[in-house]
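What follows is one structure encoded as structure tokens, with my remarks underneath.
The values are calculated or read from the model by the stated rules, or taken from the named source; none is laboratory data. All values derive from a computational prediction rather than experimental measurement. Positions of Cβ are generated from backbone atoms using ideal geometry, with glycine treated the same way; all protein chains shown enter the neighbour counts. Surface areas here come from the heavy atoms of the whole protein model, side chains and all, with no ligands, DNA or RNA. Shrake-Rupley method; radii C 1.70, N 1.55, O 1.52, S 1.80 Å.
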Amino acid sequence: MQTYQIDGLTHEAKGVARLNGKVTFIEGALPGETVTAQVTKPGRRFDEAILNAVIKTSVDRVSPACQHFGDCGGCSFQHLEASSQRLAKADWLAGQLRNLLPKEQIECLFDASSGYRRRARLAIDHKKNSLVLGFRSKASNRVVDIEQCHVLTPSLQVLFVSLKDCLKQNPILSSLGHVELLEDSKGMSVLLRLVSDISLIQQQAYLDWAQSEGVNLYWQAPKASRADLIEEQMRYYDLGNLRLKYHPQDFIQVNEAMNQKMVAQAMAWLAPQKEDAVLDLFCGVGNFSLPLAQLAGSVIGVELQESMVQAGRHNASLNGLDNVTFVAADLTQPVAGAFLTEKINKILLDPPRAGAFEFLDTIIHIAPQQILYVSCNASTLARDAEYLVSNGYKVVRAGLMDMFPQTSHVETMMLLQKQK
């Protein structure tokens, strides 16, 4: 057992200490603290240790609201006060973007630090005789049996307790792969992914429960890629004065309040005008495309999944927007399409964690005046942005968006301008 002075914090919320010139990462320790810890993974360059005791406590340390914190792998920052979480994330983001702009220029967008998550996928442990329903642990694939989740919306927290009771009374565990909870403008829903068939009597028990709770119930059949729905069963969420319909397993941002703020900020930063032609890459069902179409002259949304492209087209029609076109294309592969010949002067992209490196040369060829890059992975954003800067663009604005409070995840927005 060693005593350590903590002088930093990693992106994964591990305290950073230096002893005899060697770095040690300590789970649960905070900057400014003096702690004792036991090394569990010694290494040539650094050690990893587990916290034993806090001798001197940081003023920013708080008691985690969730009884499962430290075991459940969902949250990593609940022991750190909310404003300090944002500062820690901003410091980490500044490090990622150090070659692109000064730390003091990074802006911050945030909302409530709990009760924000409108979607969750729950895991089930089939190896237990009793119901084990929750999230994976931090250090393994073990399912943590949760009783509460403070980051879920209040309505989903209540629904979770009711669903757990229903699963106990009507056991179908061996037939369940996972459970998905969802809340949007249409209300709440539960999706049960089946790995084997269940009887009509068992199905009816869950339908009766769903009706009593006033929620929609969806079934994903064994071997099916997703739930098979009719039009009336589709979900929707409202975004300003827009309504976006989507399949319950399509991607949407899990933080509804932050999504509203993020889209508003994107419109303010990119400032689309009637003379602008905007290309929206990785567009989903139109989360950015439709607000852009309300302001720009024309918009082209590009998305890999044909089903989401169809949803985008339906949403454009639903909202009376005839100046937006949706195209299906794999943006990680060489792309040929009409949108490459259009006179695009602004581009918005919101790629997956891997970034958009394969498409950057195409963007440079299109030569838009402005690029708004929204990212869930700041390291790939930094890589892509540095490439764009080396090819004639300048970073003029960047900001952290605290889309996932209590976790280590960071959402980032960056505006780049073509240099003359």
Check on Glu411, open to solvent by less than 10 Å² (accessible area, probe 1.4 Å), closer than 29 Å to Gln249 by Cβ and charged (D, E, K, R): yes
Any hit, region 352-363, residues being outside any strand (DSSP E or B), under 30 Å from Glu81 (Cβ atoms), open to solvent by less than 50 Å² (accessible area, probe 1.4 Å) and touching a residue at least 24 places away in the same chain (Cβ under 8 Å): no
Test set (1) touching a Gly at 6+ places or on another chain (Cβ under 7 Å); (2) open to solvent by 30 Å² or more (accessible area, probe 1.4 Å) - Ile146 fails condition number: (2)
Residue in region 408-416 that is touching a Ser or Thr at 6+ places or on another chain (Cβ under 6 Å), modelled with pLDDT under 95, assigned to a loop (DSSP other than H, G, I, E, B) and at negative phi present: yes
Failed item, numbered, when Val158 is tested on (1) open to solvent by 20 Å² or more (accessible area, probe 1.4 Å); (2) aliphatic (A, V, I, L, M); (3) within 20 Å of Ser130 (Cα to Cα): (3)
Residues of region 16-53 satisfying the condition of being of a type in the set (Gly, Ala, Ser) and within 20 Å of Phe69 (Cα to Cα): Gly28, Ala29, Ala37, Ala49, Ala53
Region 253-274: number of residues that are within 13 Å of the chain's Cα centre (by Cα), aliphatic (A, V, I, L, M) and buried (at least 20 other Cβ atoms within 10 Å of the Cβ): 2
Filter pass, Val62 being farther than 21 Å from Phe404 by Cα and aliphatic (A, V, I, L, M): no
Residue in region 184-205 that is in a strand (DSSP E or B), open to solvent by 50 Å² or more (accessible area, probe 1.4 Å) and out of contact with any helix residue (DSSP H, G or I) (no Cβ under 8 Å at 6 or more places or on another chain) present: yes
Residue match in region 299-319 (condition: in contact (Cβ under 8 Å) with a residue 40 or more places away in the chain, open to solvent by less than 10 Å² (accessible area, probe 1.4 Å), farther than 26 Å from Pro405 by Cβ and assigned to a strand (DSSP E or B)): no
Residue tally, condition open to solvent by less than 70 Å² (accessible area, probe 1.4 Å), among the acidic types (Asp, Glu) and without any contact (Cβ under 8 Å) to a residue 60 or more places away in the chain, over region 220-252: 1
In region 323-341, residue modelled with the highest pLDDT [restricted to those that are exposed (fewer than 15 other Cβ atoms within 10 Å of the Cβ) and either of a type in the set (Asp, Glu) or part of a helix (DSSP H, G or I) (or both)]: Asp330
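Residues that are open to solvent by 60 Å² or more (accessible area, probe 1.4 Å), at least 3 per element: which strands (runs of 3 or more DSSP E) completely within region 13-118 meet that?
Ranges flagged: 34-41, 46-56.
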Neighbours by Cβ (under 8 Å, 6+ apart or cross-chain): first from region 87-102, basic (Lys, Arg); second open to solvent by less than 20 Å² (accessible area, probe 1.4 Å) and not in a loop (DSSP other than H, G, I, E, B): Lys89/Leu400
Verdict on Lys138 being touching a residue at least 40 places away in the same chain (Cβ under 8 Å), open to solvent by 50 Å² or more (accessible area, probe 1.4 Å) and either of a type in the set (Val, Ile, Thr) or within 29 Å of Leu244 (Cβ to Cβ) (or both): no
Answer residue from region 374-407, given it is surrounded by fewer than 23 Cβ atoms within 10 Å (Cβ to Cβ) and within 11 Å of the chain's Cα centre (by Cα) and is farthest from Glu256 (Cα to Cα) among those: Asn377
